[in-house]
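Undergrad: Would you mind keeping the following structure in view while I ask a few things?
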Amino acid sequence: MQTDFLVIGSGIAGLTYALKVAQDCPDKKVMVLTKTQSDETNTKYAQGGIAGVMDFDKDSFDKHIEDTLVAGDGLCNRHTVEIVVKEGVERIQEIIDWGAQFDKEPDGDFKLGKEGGHSAFRILHHKDITGQEMERALLEALKKRPNIELVSHCFVLDIITQHHLGYLVTKSTPDIECYGVYVLNLQTNKIEKILSSITLLATGGNGQVYRTTTNPAIATGDGVAMVYRAKGRIENMEFIQFHPTALYEPGVRGQSFLITEAVRGDGGILRNHTGEAFMQRYDERKDLAPRDIVARAIDNEMKVNGTEHVFLDCRHFSKEKVTEHFPNIYDKCLGIGIDITKDMIPVAPAAHYSCGGIKTDEWGRTSINNLYAAGECASTGLHGANRLASNSLLEAMVFAHRAYIDAVATIKAGQFPPSNKGAGIPAWKADGTNAPKEMILITQSVKEMKLLMSDYVGIVRNNERLHRAMKRLDLLYTETEELYKKTIVSPQLCELRNMITVAYLIVKCAEFRHESRGLHFNTDYPGKSSMVQNIVL
Ligand code: FAD
Ligand code: SIN
């Protein structure tokens, strides 16, 4: 199979890019791959909304830039922050033009919300299901583009480079090229090779590396692992953002339900088991301090008091406000016996967002030629050591747009190799592999990995925990590679392999960072180092 533009991922980043490329190049073929259903993405679960300066009387680009820099704790790339904040407004208008609806006041102005770390009301939202609405609008718009083919249930295994032509490719190879990908087509159960002139990775986050996460099952860091295997550059993986308020539901495994930060933006108060509004002891911004501070405060309250959760109190909200702004949360909680207008909501932090990822430049280019990355899998320099709430949907659209501009300009200038350059690439080799004998070998390793990452590489870290985590990951890695060599590939096995790689990258970056900054808190290095730097592997 061949295509001009290959897009891996059907979340906000992949779909935004695909729509733009397809519109600009109607004679070119655009193929979008997604590993399960087309809308099963982190994007679909976004609740709070998308940050953007809309009210220039009460807000400004400078304020949004400053808030992003403060949240990022000294590690944001200022140029990237300026790009995202300033270009973001135009991108928001584009998705509105594609059909996304954001809540409005009776006078027609947007209803703007507020979240932690924001100094102004600037969050556009669609009730508490903003991501679902944006994903819907993008998929609808996609249907109108005949030159886009969306292939669901198609699991990308690896990026094809010169390595597959038999050349030695190392981290110091200067001109690694991407020719396309190998995929496991889950509808035919066959492994196919798809060649492309240009590939965009928009594979989303990696929350599933942890035991408790707000991310859906697809968030296994596949794009990051693939680029690392292909010897591309990965950056700042230690900065895993834990959302302070996931619904605490004992016994529930997999994805935790999020209680959006917008609840605190509207006046929700965090309380410990004695009923104390404890955030005032931790930060003068109280419940609306940046996420790293709030998550650490909750973690500390839980540890000191020996509890498994704290509470979020919005009993003072009117029923009208709750059902209008937070109908999804209201229904979900009611379904488990909690009426949030009368009862406090039990909440605990959960892995939520990966601030680091595949290193990209200001046009979304990775260190591998013909390969772009956008969205949560990319590390653009926007988030630094901690992402400001609701900046990720914005970043995904801004960098999808920038990748589109650069890719189309270059392809029009004839600078990209034709996709048949990789024609000599062999078919996937499955010799010597057999059907898996026992799924337990995979599921148990997944459990072990999640447990060790949550216990040793969570909100608070230290050198001994990181060292132990690395030793145990090493064993899991060896066992999984042995299994991979002799077993017919399956999404479960490939996801395990990818998650172990991502876990390794998180621990490795954490070991290299000899300070506490933003989301990385190491009790052996409690202060900040003056030698602030990005960690690139
Ligand atoms: P995703 O939307 O996650 O899409 C990833 C795509 O890649 C999927 O289609 C998946 O199938 C595909 N994929 C992955 N691996 C493979 C593979 N091997 N083969 C084929 N396909 C593959 N951000 C905000 O700005 N505001 C919010 O209010 C907000 N709320 C959030 C609430 C929740 C519960 C969560 C989980 C996140 C939230 N975020 C929010 C973060 C934001 O939603 C994500 O960062 C963003 O949606 C990521 O978009 P993406 O396009 O990069 O990836
Ligand atoms: C939320 O709604 O609290 C999530 C916002 C975000 O992750 O940006």
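Just so you know, all these numbers are worked out from the coordinates, no wet-lab data involved. Remember, predicted model here, so these are calculated numbers, not experimental data. A quick note on method: Cβ atoms are made from the backbone with ideal geometry, for glycine too, and the neighbour counts reach across all protein chains shown.
Undergrad: If one takes the longest principal axis of the Cα atoms in the chain, at what angle in degrees, from 0 to 90 and to the nearest 10, does the Cα axis of helix 61-71 lie?
TA: 90
Undergrad: While we're looking at this one, here's another question. Using the alpha carbons of region 183-309, what is the convex hull volume per residue in cubic angstrom, as a whole number?
TA: In region 183-309, the Cα hull volume divided by residue count equals 170 Å³.
Undergrad: On a 0 to 90 degree scale, rounded to 10, what angle separates helix 130-143 from the longest Cα axis of the chain?
TA: 30
Undergrad: Separate question: Under Stokes-Einstein, with the Kirkwood radius over Cα pairs standing in for Rh, what whole-number D in µm²/s applies to region 105-215 at 4 °C and 1.567 mPa s?
TA: Answer from the Stokes-Einstein relation: 69 µm²/s.
Undergrad: Next up: Could you work out [θ]222 nm for the chain from helices alone, using -39500 (n - 2.57) per DSSP H run of at least four and dividing by all its residues? Round to the nearest 500 deg cm²/dmol.
TA: When only DSSP H runs of four or more count, the value is -11500 deg cm²/dmol.
Undergrad: Given N residues in region 1-154, what is Rg(Cα) / (2.2 N^0.38 Å)?
TA: 1.14
Undergrad: If region 419-537 were replaced by its equivalent ellipsoid, with semi-axes equal to the square roots of 5 times the Cα gyration tensor eigenvalues, what would those be, largest first, whole Å?
TA: Largest first, region 419-537 gives 34, 20, 9 Å.
Undergrad: So if each residue of separation counts as 0.36 nm, and I subtract the Cα-Cα distance between Lys412 and Glu149, what length gain in nm does that give?
TA: Extra length available between Lys412 and Glu149 comes to 92.6 nm.
Undergrad: What whole number of Å gives the distance from the Cα centroid of region 511-537 to the Cα centroid of region 1-19?
TA: So the separation of the two Cα centres works out to 35 Å.
Undergrad: Taking the simple approach of a point 7 Å from Cα along Cα-to-Cβ for both Lys63 and Arg315, what is their distance in nm?
TA: Distance between label points: 3.3 nm.
Undergrad: Let me ask you something else. From the square roots a ≥ b ≥ c of the eigenvalues of the alpha-carbon gyration tensor of region 316-361, which class results: rounded (a/c under 1.5), prolate (a/b over b/c), or oblate?
TA: Prolate.
Undergrad: Could you please state, rounded to a whole Å, how far the C-alpha centre of region 46-89 is from the C-alpha centre of region 277-305?
TA: Value for the Cα centre distance between the two parts: 23 Å.
Undergrad: Considering only DSSP beta bridges whose two residues both sit in the chain, what percent are antiparallel, to the nearest 5?
TA: Antiparallel bridges make up about 60 percent of those DSSP assigns within the chain.
Undergrad: Translational D (Stokes-Einstein, µm²/s) of region 251-344 at 37 °C and 0.692 mPa s when Rh comes from the Kirkwood sum over C-alpha pairs?
TA: Diffusion coefficient, whole number: 234 µm²/s.
Undergrad: In square nanometres and to one decimal, what's the mean projected area of the convex hull around the Cα atoms of region 267-319?
TA: Taking a quarter of the hull surface, the average projection is 3.8 nm².
Undergrad: Right, something else. Go ahead and run the numbers for FRET between Met1 and Arg468, Cβ-Cβ distance against an R0 of 35 Å, rounding to 0.05.
TA: Given R0 = 35 Å and the Cβ-Cβ separation, E is 0.20.
Undergrad: Shifting gears a bit: Assuming R0 = 45 Å, what is the FRET efficiency of Val89 and Asn434, from their Cβ-Cβ distance, to the nearest 0.05?
TA: The calculated FRET efficiency here is 0.25.
Undergrad: Provide the packing ranking of 110-119, 132-141, 281-290, i.e. peptides ordered by the mean count of other C-beta atoms within 10 Å per residue, highest first.
TA: 110-119, 132-141, 281-290
Undergrad: Assuming 0.36 nm per residue, please report the length gained on full extension of the stretch Lys104 to Asn185 beyond their Cα-Cα distance.
TA: Here the segment from Lys104 to Asn185 would lengthen by 24.9 nm.
Undergrad: For region 287-362, run through the chymotrypsin sites (Phe, Trp or Tyr not before Pro) and keep only the ones in DSSP coil with at most 11 other Cβ atoms within 10 Å of their Cβ.
TA: Taking region 287-362 and a limit of 11 other Cβ atoms within 10 Å, no loop chymotrypsin sites (Phe, Trp or Tyr not before Pro) are found.
Undergrad: Still on this structure, I have one more. How far, in degrees from 0 to 90, does helix 291-305 lean away from the longest principal axis of the Cα atoms of the chain, to the nearest 10?
TA: Roughly 60 degrees, rounded to the nearest 10.
Undergrad: Something else: Dividing the convex hull volume of the Cα atoms of the chain by its residue count, what figure in Å³ per residue is obtained?
TA: It is 148 Å³ per residue.
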